[in-house]
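One structure is given here, and the rest of the page talks about it.
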Protein chains: 2
Amino acid sequence: MNNFSIALHGGAGTILRAAMSSEKEREYTSALKAALDAGFNVLKDGGTAIDAVLASTISLEDCPLFNAGKGSVFTHDGKHEMDASIMDGSTLAAGAVACLRNVRNPVLLAKEIMVHSDHVMLLGEGAEEFARIRKMKFEPDEYFYTDFRHKQLLDIVNEERTQLDHSDKKFGTVGAVACDRNGNLAAATSTGGMTNKRYNRIGDSPVIGSGTYANNRTCAISCTGHGEFFLRAVVAYDISCLMEYKGLTLEKACELVVNKKLVDLGGEGGLVAVDSQGTTSLVFNSEGMYRASKSSAGIETVLIYR
Amino acid sequence: MNNFSIALHGGAGTILRAAMSSEKEREYTSALKAALDAGFNVLKDGGTAIDAVLASTISLEDCPLFNAGKGSVFTHDGKHEMDASIMDGSTLAAGAVACLRNVRNPVLLAKEIMVHSDHVMLLGEGAEEFARIRKMKFEPDEYFYTDFRHKQLLDIVNEERTQLDHSDKKFGTVGAVACDRNGNLAAATSTGGMTNKRYNRIGDSPVIGSGTYANNRTCAISCTGHGEFFLRAVVAYDISCLMEYKGLTLEKACELVVNKKLVDLGGEGGLVAVDSQGTTSLVFNSEGMYRASKSSAGIETVLIYR
């Protein structure tokens, strides 16, 4: 039997200890721990990597602290547009959704697309139509509303700045990767995008190969960061290729891509990764990244700062 | 000074000599040749790879024979939704657009996004809003209408089948890759998607890394085929990685991905590619692919069948 493990993130960016109250820190730590346990318990009970990353990502989507699902940031016109994707490393099956409104758990819709359609990526109203056919849970705009995110929008809407989550440059995305008892890998990512975003912009979160990738031969990856750079660098698949074609370890591949290639390009952010031996890697080039990992070998981490 | 060259495609699939009239064959050949010359002349006059792939792709978008721009297929609700992307191998800058309506040349909007926005990928109405700000040319629905495509929709709309272009399984996408005198590479792809498609489905054409990729260190790639498989296989970037990390030639990398990896996954289609020495590769695993290439070394091909 394989080691099994899970790793997750709740976004990366300028997350400074000095700017965080101890109460806020406890809230984040406790939410990360809850999401970690949700996924790890699936693995412990013999569940699949796909079900584990779903459990962790749904827990983070349902928590208003993170920019995904409930708690998503506001677009320029005061709405919430969410993106998500998921990939199964055992089959290379994948599902993705972008510019989605009012679906409670975007990552669950990505899974429905992967399992119950001939397609990989659906957008906007078409994706919502598919969600209704699949009888997925919808929520009114009020469900996604949080005072904190609304204040962020009001603060910058007149300045015509587009913010990747917070005024202190935080890239709000959540995601998880897992390796189950059978050595199967999976990855999932979900985001509310950028505060005050316009033009139905999408970043790397719903893009297979950039924000999310999983392949039993190599690794599973979920990214968070300045999406445009992650798209141009095809980050998630790059790590897989460095392992498969160049023989790099997961750790060395993640370090090269996040702390060298992305830095050279000007791209800030990070990712969580796991290989088929259950080894996890949590790497970022920003000040901090909300992150956690837990393995059957007994390792457990819940961290925020560098 | 570098060899310079261009290669383009007008879609792949079940294109059989027996099913093609000699008049239709002449029309396709002549359109491919016109698009080829449009791009090659840019290179001959000392223009950039980006301008060359734009010239060829615009020529194919403007031609009603191909499923991109004018001549795009109809969606389930009788509209035209177009996707396109472009990438500059010298800077790794990229632009992409999906679910776009009424913009005359989607590939030009992808270029505007690449050059004049902080974003890589814009969708639907948001992309159209950006196109208006950039004063791009719009056309009414009638411009995109062709009897041939409308009949295709009527033929299958009641059968609830989704067709990738034609009743004879043709994957309608156009695209071009180029290497200019300075050894700079570029790639562009544009499509009208699938006849009778629903749910705002998008394939690989607007996805950087899957349908389109360019990097001066390796190659430029534009794909055409059953998009879902190209997305899951991250086809364009896979070829780049096989060259960069495993030392494969362009030809060997293209052969491995199209005729082995995609076939194993069940994915039908092909691609055009060029490396920084100006060597082109036009590879497909389907019955045929509308394709053409021309180089400063004097090679010129315009082909349809295997």
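The values are calculated or read from the model by the stated rules, or taken from the named source; none is laboratory data. Worth saying up front: this structure is predicted, and the values here are computed from it rather than measured. Cβ coordinates were reconstructed from backbone atoms using ideal geometry, including for glycine residues, and neighbour counts include every protein chain displayed. Ligands, DNA and RNA are excluded from the accessible area calculation, which covers all protein heavy atoms including side chains. Shrake-Rupley method; radii C 1.70, N 1.55, O 1.52, S 1.80 Å.
Things worth noting here:
- Output for region B:225-237, where each listed residue is crowded, with 24+ Cβ neighbours inside 10 Å and more than 9 Å from chain A (Cβ to nearest Cβ): B:Gly225, B:Phe230, B:Val235
- Across region B:243-273, the qualifying residues are those that are within 16 Å of A:Ala94 (Cα to Cα) and more than 10 Å from every other protein chain (Cβ to nearest Cβ), and the one among them that is farthest from the chain's Cα centre (by Cα) is B:Gly266.
- Residues of region B:174-202 that turn out to be open to solvent by 10 Å² or more (accessible area, probe 1.4 Å), away from chain A (no Cβ under 14 Å) and touching a strand residue (DSSP E or B) at 6+ places or on another chain (Cβ under 8 Å), as a count: 1
- Residue count for region B:127-155, restricted to those that are within 14 Å of chain A (Cβ to nearest Cβ) and either touching a residue at least 40 places away in the same chain (Cβ under 8 Å) or of a type in the set (Asp, Glu) (or both): 2
- Filtered by the rule that a residue be of a type in the set (Gly, Ala, Ser), closer than 19 Å to B:Ser210 by Cβ and assigned to a strand (DSSP E or B), region B:269-306 gives B:Gly269, B:Gly270, B:Ala273, B:Ser281.
- Within region A:249-266, the residues that satisfy the criterion of being crowded, with 24+ Cβ neighbours inside 10 Å and under 14 Å from A:Ile221 (Cα atoms) are A:Leu250, A:Ala253, A:Cys254, A:Val257, A:Val258.
- Just one of the numbered conditions (1) closer than 18 Å to A:Gly278 by Cα; (2) more than 9 Å from chain B (Cβ to nearest Cβ); (3) buried (at least 24 other Cβ atoms within 10 Å of the Cβ) is not true of A:Arg217: (3).
- Single match in A:Gly298, A:Gly269 (criterion: crowded, with 24+ Cβ neighbours inside 10 Å and at positive phi): A:Gly269
- Residues considered: B:Ser240, B:Ser205, B:Ser222. Of these, the only one that is of a type in the set (Ser, Thr, Tyr), within 13 Å of chain A (Cβ to nearest Cβ) and in contact (Cβ under 8 Å) with a residue 60 or more places away in the chain is B:Ser205.
- Among the residues listed as B:Gly95, B:Gly124, the single one being closer than 19 Å to B:Thr57 by Cα and in contact (Cβ under 8 Å) with a residue 24 or more places away in the chain: B:Gly95
- Only residues that are closer than 27 Å to A:His226 by Cα and acidic (Asp, Glu) were counted across region A:1-59, and they come to 2.
- Selection of strands (runs of 3 or more DSSP E) fully inside region B:43-152 by the criterion of at least 1 residues being in contact with a helix residue (DSSP H, G or I) (Cβ under 8 Å, 6 or more places away or on another chain), surrounded by fewer than 24 Cβ atoms within 10 Å (Cβ to Cβ) and modelled with pLDDT of 95 or more returns B:93-100.
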